[in-house]
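To start, the structure under review is shown below, and the notes come after it.
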Amino acid sequence: GAESCTLWMLDAKAGELWSRVSHELGEIRIPLDRSIAGYVARWGVPEIINDPYGDARFDQEVDRQMGHVTRNILALPVRNSSGEIIGVFQAVNKLREDHVFTQEDLEYFLIAATYIGKQIESVLLQEEIENTQREIIFTLAETAELRSKETGYHVKRVAEYSLLLARLSGMAKTEAEILKLASPLHDIGKIAIPDAILLKPGRLTEAEIMVMKTHTQLGYDMLKHSGRRLIKTAAIVALEHHEKWDGNGYPRGLAGEDIHIYGRITAIADVFDALSVSRVYKEAWPLEKIVATFKAERGRHFDPNLVDLFLSNLDRVMEIFENYRDHPPEGSARDDIQPA
């Protein structure tokens, strides 16, 4: 055994190794050219050092940051299945057998490092898959919005507003993060609406309005067969974000808590964003007018409790708005709402 073991991950671009040691210390980084672990990462050879303070490669700053004294070190490279070095496993201060690391210890830890490398590669691959899924989702969402002359920042703001309101409502962090990723797909069904209706400059006829309203069901039908939690959430959002608290929404005329909270949250996020930004065909509403509208629609269009949470945190809402501000569209009179 050893007093401590650290898994250092390689950041080749920065020329550093990094590790998250504890919540208190956070992330520690060490340069590849000023540490024993860095030497192992660069040259791919394991090292047993039983007198680290007598070794010029030893970085005493790490001891200072971690609050202990290093007596001996065993460090070995961690590789992926292609043999590429992705990190360094390091054991510090052996506890038994004269308190020095031996060749037998090295052989044992080499087996452990092989297992660690496979596990890290699996985690990194899963992260890559998840990141790719997120990019695909936002690309799909932006495609749908661009067809109806929205901007990419619209879906980002809706995502952030939805996350904020979900957390304010008490939703667990993981579920709220999933809703954040799913909410941009609320209008994905619009990609199936004919351009003649979706892009019509004038008022829609009653028949055209009915076609436009089918985008909720169309979006749901596109997404409903997935077994992934994220896409299942997006399917609910697509179907229910135009339902109203009083039962006068569509497509199913659901009321109150029969409307899934995903739909109720996204409805507020989507409408707020629609009112708060300028487009070629309309100006942004002043913030006080938007607030008055939400108060008037509290318990009619929107979940009253969610409206209260949203309006009581307008400072955080406006921070999101500022972080994802649109560039003024050509021909618009103004580019955003103005705080009251």
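The charge dipole of the chain, taken about the Cα centre with unit charges on the Cβ atoms of Lys, Arg (+1) and Asp, Glu (-1), comes to about 1060 debye, rounded to the nearest 20. For segment 2-124, a crude dipole built from +1 on the beta carbon of Lys and Arg and -1 on the beta carbon of Asp and Glu, taken about the Cα centre, is about 280 debye to the nearest 20. Close amide-amide hydrogen proximity is noted between Arg79 and Ile86, Gly117, each under 5 Å apart and 5 or more residues distant or on a separate chain (H modeled in the peptide plane; Pro and chain starts excluded). For segment 187-202, putting each phi into the Karplus relation 6.51 cos²θ - 1.76 cosθ + 1.60 with θ = phi - 60° gives couplings of 10, 4, x, 5, 5, 9, 8, x, 4, 4, 9, 4, 9, 4, x, x Hz, in residue order, rounded to whole numbers and with x for Gly and Pro. Applying the Kirkwood pairwise sum to the alpha-carbon positions of segment 2-124 produces a hydrodynamic radius of 14.5 angstrom. Only lysines eight or more places from Lys289 in sequence, or on another chain, were considered; those with a Cα closer than 24 Å are Lys149, Lys156, Lys244. Report the one residue of Gln119, Ile259, Pro52 whose Cα lies farthest in the direction of the positive end of the charge dipole of the chain (charges on C-beta: Lys and Arg +1, Asp and Glu -1; origin at the Cα centre). So the residue we want is Ile259.
Counting only alpha carbon atoms, the long axis of helix 103-147 and the longest principal axis of the chain meet at about 20°.
For the chain, taking the reciprocal of the average inverse distance between every pair of different Cα atoms yields a Kirkwood hydrodynamic radius of 23.8 Å.
Can you give me the relative contact order of segment 150-323 as a percent, contacts being Cα pairs under 8 Å and 6 or more apart? Relative contact order here is 21 percent. Counting pairwise Cα distances across segment 150-323, what percent come out greater than 25 angstrom? Here the long-distance tail beyond 25 Å is 30 percent of all Cα pairs in segment 150-323.
Residue by residue, segment 231-247 carries 3J(HN,Hα) couplings of 6, 4, 4, 4, 4, 5, 4, 4, 6, 10, 6, 10, 6, 10, 3, 8, x Hz when phi is fed to the Karplus relation 6.51 cos²θ - 1.76 cosθ + 1.60 (θ = phi - 60°); x denotes Gly or Pro. Computed from phi, the 3J(HN,Hα) profile of segment 160-165 under the Karplus parametrisation 6.51, -1.76, 1.60 (θ = phi - 60°) reads 6, 4, 5, 4, 4, 5 Hz, with x in place of Gly and Pro. Taking the dipole about the Cα centre of the chain, with the C-beta of Lys and Arg at +1 and of Asp and Glu at -1, give me whichever of Val62, Ser35, Tyr161 is farthest to the positive side. Farthest towards the positive pole: Tyr161. Considering the options Leu181, Ser82, Ala14, tell which one lies farthest towards the positive end of the dipole of the chain, charges being +1 on Lys and Arg and -1 on Asp and Glu at the Cβ, about the Cα centre. Of the options given, the answer is Leu181.
The numbers here are math on the coordinates, done by the rules we state, and not lab data. Quantities reported herein were computed from a predicted structural model and do not represent experimental measurements. Please note: Cβ atoms are built from the backbone with ideal geometry, for glycine as well, and neighbour counts cover all protein chains shown.
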